[in-house]
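Since every read-out is calculated from the coordinates, none of them should be taken as a lab result. Computed from a prediction, not measured in an experiment: that's the story for all the values here. For neighbour counting, all protein chains shown are included, and Cβ atoms are generated from backbone atoms with ideal geometry for every residue, glycine included.
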Amino acid sequence: MSRVFKTTYLLLFTAFLCGCGEPEIVTYETEKKVHMNSVKKEKSDGHNHSPYAWDKPENWTQEMGRSMRLVSFGLTEGGLDVSIVQLGGAAGGIKANVNRWRGQLSLENESEENILKTITKQKSKIGEFSWTLLSNEKESFLVSIYNLPGATLFVKAKGSIAIIEQEKNNFLSLCRSIKANDHQH
Amino acid sequence: MSLKKNKLIRKISSPAIFFYASLWLIVLLVIGTVIQKDIGLYRAQETYFSAWFISYEFIYLPAGRTTLTIVFINLLFQFLFMSAWSIKKIGLHITHFGAILLLCGGFLTAYFSSEGSMEIKEGGRSSTFRDYHKLQLSLVDESQPNKDIVTAVNELMLYGGSTINNLPFGADIKVLSFYRNCDPRRRKEGGADNLKGLSKNFSIFPIPLDKQDERNRAGIVLELTGLSAEVNGIYTLVEEMEPHQHFMVGDKQWRMELEHKYYKIPFEIELIDFEKKVYPGTAKAKSYKSDVFVHDKGVKRKSIVEMNAPMRLHGYTFFQSSFTQSKDGESTIFTVVKNYGRMFPYIASIIICIGLMIHCFLLLPKLIKKGQ
């Protein structure tokens, strides 16, 4: 056998090893998934069909589901936008999300160590949550993150520095009140 | 000409190859171990041990898989063509055979193993499990009343510029961009007319990978063509993030989502009851136990999965790993592992031990004589 053939066999063997892998496209059947947005579509009657319930601060208005939001809150006189959003898995974690919000406020990214120094932990009925306040010269964000099994829940309030300062206690009492929705259908 | 004298075989089976490859493996091991502090365990494994090559700008260096393949070929050639087949060397031959078997097991594990989690509600059934790291683009036919028919496109096909053809609804997909970690941001201005669903309001931007892989959130921008003008367009999907993108093809509704890869198992598991025991006076878990029915080819049988007592069936191992509680009841979470090479390390280790013992035993008289 010539050297050329031997080398070819060796290369083919290596190519075989490299070529082994998973199929590119597969088809299978699975149980039907129930998605949150499909529930929202079917039941856009203004009631809370989300997996969570909460105690809304008295002076806030409430609007169920909009885009990715489970619920939105505001002030009748305007100037405040509060949302509850749920994402699957760890959804990027605290550092990535805080830096994303910092970016929205045109602030520089911070290290995880510095971010954790600004985080405060409190308890709610669905578990512990971490909250922080982010501000630039004009605007403030108050944000809470709940790490739940298989999902992450975000509560975010956006407004001027004065309004956020004024509504901080309402925001935190909303965060503490979040619980599983017993009346979800 | 004897094979032993063949130049090519002599080169391939040279002990120098094994020596330098082993040295390189040590280097990889040190780098991979040190760097996992910065890039995380999963990324370090993928970059230095599971990959074929490590690339730094234009320099390509062999990674773990290439190095181990070289070691395997070298040992195999040494074993088959260069061994002195005498009874005195039998211990060494058995040891070499054990080492080759160990590498074969590694090959099977690298290519044919899968690992993920399966979550089942009490009273519910499941025949799929979800990979911890790998992703898939799922095109789901939602027209059936009781089931979804999923066409899953492997993550390996999802890269900027790739085209996916032969899809079940006759469309083509062109991947415009794919980021393993991304940040979805609301568009400040309206985009092109052919933006659909989430794309109308959001665009995605790549961000550096987090060292904890589960924190990374992949995103894809793709163009669907070959369907009606209403459906054709640019869609954005973000890993495990709703709303998913829906579209109609004929009278069927389809859903598109970017999610963790799912594996179908050839039987079904039904959770009868999940039981959690805690240490008295605390909320600390003492043990978890799941009573299950296994539905296998028309046969239903009862089984128990509990901590430190996994269930094994058809090459799959189910470990009790966690649970969730909600108002709908409890759900159990199993870690599911399929590994064809599972037994190889045990068998190979026993063979290597036997080989070394025989070699020592055969050398013993010589050593005793030398000692005297």
Segment residue A:111-residue A:173, extension gain: residue separation times 0.36 nm, minus the distance between their alpha carbons: 19.5 nm
How high is the relative contact order of segment B:217-326, in percent, counting Cα pairs under 8 Å that sit 6 or more residues apart? 14 percent
Enumerate the amide H contacts of residue B:51 below 5 Å, restricted to partners 5 or more residues apart or on another chain; note that Pro and chain-start residues carry no placed amide H. B:64, B:65
Peptide B:181-187: average number of partner chain Cβ atoms within 10 Å per residue? 3
Looking only at other chains, what is the average number of their beta-carbon atoms within 10 angstrom of each beta-carbon in B:205-212? 3
Anyone know which of B:130, B:185, B:255 comes out most mobile in the 10 Å Cα GNM of chain B? B:185
Skipping prolines and chain starts, which residues have an amide H placed within reach, meaning under 5 Å, of the one on residue B:128, given they are 5 or more residues away or on another chain? B:265
Residues in segment A:116-151 reached by a label modelled at residue A:160 [backbone nitrogen below 14 Å; 7 Å Cα→Cβ]: A:137-140
Segment A:52-180, relative contact order in percent, only Cα pairs under 8 angstrom and at least six apart counted: 29 percent
For the pair residue A:76/residue B:4, report the inter-label distance in nm, with labels modelled 7 Å from Cα in the Cβ direction. 10.0 nm
So for segment A:52-180, using the alpha carbon gyration tensor with a ≥ b ≥ c as root eigenvalues (a/c under 1.5 gives rounded; past that, a/b versus b/c decides prolate or oblate), I'd call it oblate
Expected integer from the mean partner chain Cβ neighbour count at 10 Å over B:253-259 is 1
What number in nm² do you get for the protein assembly as shown if you take the convex hull of its Cα atoms and divide its surface by four? 36.4 nm²
Could you check the simple spin-label distance between residue B:312 and residue B:356, using points 7 Å along Cα→Cβ, in nm with one decimal? 2.4 nm
